[in-house]
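In what follows, a single structure is set out as structure tokens and then discussed.
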Amino acid sequence: MAREIAKAYEPQQIEPRWAEYWVKEALFKADSNAPGPVFSIVIPPPNVTGSLHIGHMLEHTEIDILTRWHRMRGYNTLYLPGTDHAGISTQRVVVKHLMDQGIDYKKLGREEFEKQVWKWKAEAGSQITQQMKGIGESCDWSRERFTLSPEMSRVVREVFVRLYEEKLIYRETRLVNWCPVCLTVLSDLEVVHEERQGHLWHIKYPVVGTKEFVVVATTRPETMLGDTAVAVNPGDERYKGLIGTKVLLPLMNREIPIIADEMVDREFGTGAVKITPAHDPNDFEVGRRHKLAEIDVMTDDGRMNANAGAYAGLDRFEARKRVVEDLKAQNLLEKITEHTTAIGICERSKTIVEPRISTQWFCRMKPLAEPAIAAVERGEIRMVPDNRREEYFNWMRNIRDWTLSRQLWWGHRIPAWYCKEHAHITVAREAPAKCATCGSANLEQDPDVLDTWFSSGLWPFSTLGWPEETADFKKYYPTTLLITGYDILFFWVARMIMLGIHFTGKVPFGAVYLHSLVRTASGEKMSKSKGTGLDPVALNLQYGTDAMRFCLASMAAPGTDIILSDDRLAGARNFANKIWNAARFLFVNLDKFEEGGTKLEELATPEARAKAPYAVSGKVPLVDAWLFARLAGAIELVNEALKNYRFHEAAQGVYQFFWGDFCDWYIEWVKPELQNTDRERAIAAWKNLFAAFDAALRLLHPFMPFLTEELWHQLPQKAGAKSIALDRFPEARVDWKNTKALSDVALIQEVVTAMRTIRAELKLDPKKKVQADFSAGDAIARDLIVANRAAIERFAALSGLRVTSERLQGDGMTRSTSAFDLRIPFTEIVNPQVEIARLKKEIEGLQKAIASKERQLGDETFRSRAPEKIIKGLEATLAEQRIELQKLQERLRQLEKGS
RNA sequence: AGGCCCGUAGCUCAGUUGGUUAGAGCGCUACCUUGACACGGUAGAGGUCUGGGGUUCGAGUCCCCACGGGCCUACCA
């Protein structure tokens, strides 16, 4: 019966089927009791309410390639999936969602709001995991985790309490980054700095009791309403006499002192600085040093408060305008100059961050950072590419305390309770009945939640059952590897290393591979809000998930960002189609062959495939020996590349083998053998073909799981075998290696290619068969050509190939190497003049190459200093080129004489 | 302000410790609809590695400078 195989690969027809199958059969469920070396990896948890973007696609492709590769090589493999509750962004999304329905979340109240978020999570939260299942990621779905699940919460509280007890977590009032839109404090990392063109306003502050002014320069005039001093450098002669006197703060009519502080740069501005301790980090420090009042002039949503006098109620930007106008009106504005400043922007809301005094929870980082620095220094954690190490060290060595609390409702609530009588703090794993200090039962829990990164920082061990010594924890921790983007090296990776070492005593992963960013054609970061993001799901539908994966892998050179294009994707799709058609060739021709009685089940059983390559009359045919040698080389290349996260090299190696070696040469070469009337020969050819094809599929599987799964199932498999993903990765068998076969076929390929080149130069009709000559002084080379004459004649469309040891004479187009000469007679279109011109050009190039080598070899310093190997190589090439040159010149003389 | 990275074929990028005539994909040119594949086949053109200087027998590869582009960190009002 004839097999039905579509003419072109249609991924849409097969992908959903296998994606579902893999999940339903729970094929990738890890067994912590199983033996073998361990490969474990946890997913960087994507936002629970998000959807798969192209960056995930790259990251997950890399993770899944390595996961599948290890699994197939017999590792006890765990790829643990999960999602992140993503405090700020999720809360923002749900708040907006409610607002669209006319609901004010504040009016709902905390409890009801939290219910709404959980409801939202239940509806939208599975989108990304569904997408991950759809693209066939080989996760253990039975171990899926969520950063805000009760289990994870328990771990978070445990960690918080321990750190508090160790005095690494503390509560303090200080200047923090405040987002007036998100209405929460932010950590330093969540503030992005942007250079913006601004102004420097020079404001005159009248000196009390005189007619003089002190001029201060500021970039934020509205904050002057909260000024509590003016500072000058103690060494500044201009202001020496004024230190200790007072100025009258304009608009507020408040007397404030002129103080001296080293912080002031005499060169900048006027050398006098207004001090606003409640609204500027520098000023805050100065204020604390000089015990100045801290006057907060703003509300939490960025408007001016009662402390701002007449400006109360105005938005901060409006207040700025009004302050400037009023100063101008009072003749207190000396001048305005242009000034660029790096301004702090909230990562989420993109609004300008307001430095603000606030009481928050902090984590002391220095003690945590030290061991984390040491671990990377010692190489306990390998960082790839390793130039990121410097960035890591630099940040870690200058690390500052981490603002942990967030004024949100969605997240891990801080396990701290305050008694209402004395505001004593009780930090506990479970809600306490009474105050730990005074015993009061009148307690209130801190309303704030923890920074989302605090819980994700525990991810590698919280997901595996810590603090319990679970079987999973013992087996899979530390994880083998982490793959994530370099943009969250500090946010996440560094914190995991610090917390992992602190709590488990071990590094959380043995290596970190920091993948690239996928950028738009113009090189920008893709962004959903700008609409420049590519939707991987749509692209997967268009090109096939396998093509997308392969494309990303082949572009994923460590350290280089990826610019994805339709052309590249099409190229990968074409590769998938090529494989599909190779399979189609196999099966279509097998149908014909099976009419002779030998069925697929005999040719391609797993046992039969394991015994390849097969011999004919006691000898493995050259091309089969060659193919398996090439396969062994490809396997080694892929293994070596993946070991070093060189995805692009691995992908390229597979591509070259499958397309270049297997399709272009091997299949073409064995075509006649497959239908050979000598049944024994044909059967051997088929067996070798299937064995090679099967191995190639397994080699390709980590890159293109769907296509290979589909085709693998078309081959006979062991009873009960469920998936190529659980089959073995091909091994570069020692008995496959064969340098003789490699060089023999290389020579034949060279001959064939040269013949085709001559044909093209002669402008021969591709179908026209012609007589050709091959000449070589070496008998072994001649024997090789004679033995493979049929294949060569077919490849080069020859009616006959004369093999001789004599120099080639007579008319015709030639090709020469030091080892052999080829010739095909001239055609009506192409005559000796064309060949003469070509020869002259070639001779010229060769003479140049020879001259430069002779010069180099003649140099005594070179001869004495260069390694033996290089000299020998050079001499050998030179000898060959001389022979070649001699041949070309002789040939040229012949033709010139004849014409 | 400090630190890092990049500048190689028309485009996107490889090029592992410096070593013989610098590679790939896409694009381009010519020919070919041959029964796996036009999402294909065969052959070919095309870079002297941003510029300058240096180290070396030898540099795309190491060092310095310049130019161009990108990124990160940072409390200059």
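The values are calculated or read from the model by the stated rules, or taken from the named source; none is laboratory data. Note that the coordinates shown come from a computational prediction; the quantities given were computed from them, not determined experimentally. Glycine also receives a Cβ, built like all others from the backbone with ideal geometry; neighbour counts cover every protein chain displayed. Remember, those area values only see protein heavy atoms, side chains included, never the ligands or the DNA or RNA. Shrake-Rupley method; radii C 1.70, N 1.55, O 1.52, S 1.80 Å.
Of A:K121/A:K722; A:K475/A:K722; A:K24/A:K718; A:K619/A:K722; A:K763/A:K841, which ones are farther than 30 Å apart at the Cα? Long pairs (Cα-Cα over 30 Å): A:K121/A:K722; A:K619/A:K722.
Partners of A:K7 within straight-line reach, counting aspartates and glutamates whose Cα lies under 14 Å from its Cα and excluding those fewer than 8 residues away in the same chain: none found. With point charges of +1 on the Cβ of Lys and Arg and -1 on the Cβ of Asp and Glu, referenced to the Cα centre of the stretch A:254-411, which listed residue (A:G269, A:Y392, A:I258) lies farthest in the positive direction of the dipole? Among A:G269, A:Y392, A:I258, the one farthest towards the positive end of the dipole of the stretch A:254-411 is A:Y392. Eigenvalues of the alpha-carbon gyration tensor of the stretch A:513-660, scaled by 5 and square-rooted, set the equivalent ellipsoid semi-axes at 39, 20, 11 angstrom, largest first.
For chain A, the dipole from Cβ point charges (+1 on Lys and Arg, -1 on Asp and Glu) about the Cα centre works out to 860 debye, to the nearest 20. Ranking A:F826, A:Y164, A:N574 by how far each Cα lies toward the positive end of the dipole of chain A (charges on Cβ) leaves A:F826 at the top.
Sites listed here are trypsin sites (Lys or Arg not before Pro) in the stretch A:763-837 whose DSSP assignment is loop and whose Cβ has at most 10 other Cβ atoms within 10 Å: A:K767.
Entry comment: accessible area of chain A is 44 Å² per residue, from protein heavy atoms only and a probe of 1.4 Å. Averaged over residues, the count of other Cβ atoms within 10 Å places the peptides A:733-742, A:272-281 in the sequence A:272-281, A:733-742, highest first.
Using the average count of surrounding beta-carbon atoms within 10 Å as a protection proxy, the listed peptides A:703-713, A:204-214 rank, highest first, as A:703-713, A:204-214.
Amide H contacts under 5 Å for A:A272: A:A217, restricted to partners 5 or more places along the chain or on a different chain, H placed in the peptide plane at 1.01 Å from N. Normalised by 2.2 N^0.38 Å, where N counts its residues, the alpha-carbon radius of gyration of the stretch A:121-242 equals 1.94.
Highest-first packing order for the peptide set A:55-65, A:232-242, A:679-689 is A:55-65, A:679-689, A:232-242, based on the mean count of other beta carbon atoms within 10 Å.
Given chain A, what percent of its DSSP beta bridges are antiparallel, to the nearest 5?
On the way: 64 of 92 bridges.
Bridges in chain A are about 70 percent antiparallel.
Taking only protein heavy atoms and a 1.4 Å probe, the accessible area of chain A is 50% carbon and sulfur.
In summary, the aspartates and glutamates within cross-link reach of A:K768, defined as a Cα separation below 18 angstrom excluding same-chain residues under 8 places away, comprise A:E793, A:E828. Taking a straight line from the alpha carbon of A:K853, these lysines sit under 16 Å away, with near neighbours fewer than eight places off in the same chain left out: A:K869, A:K872. Using the rule -39500 (n - 2.57) for each DSSP H run of four or more residues, divided by the residues of chain A, the 222 nm mean residue ellipticity is -13500 deg cm²/dmol.
Work out the P(r) tail for chain A: percent of alpha carbon pairs separated by more than 47 Å, whole number.
On the way: 185503 of 403651 pairs.
Everything past 47 Å amounts to 46 percent.
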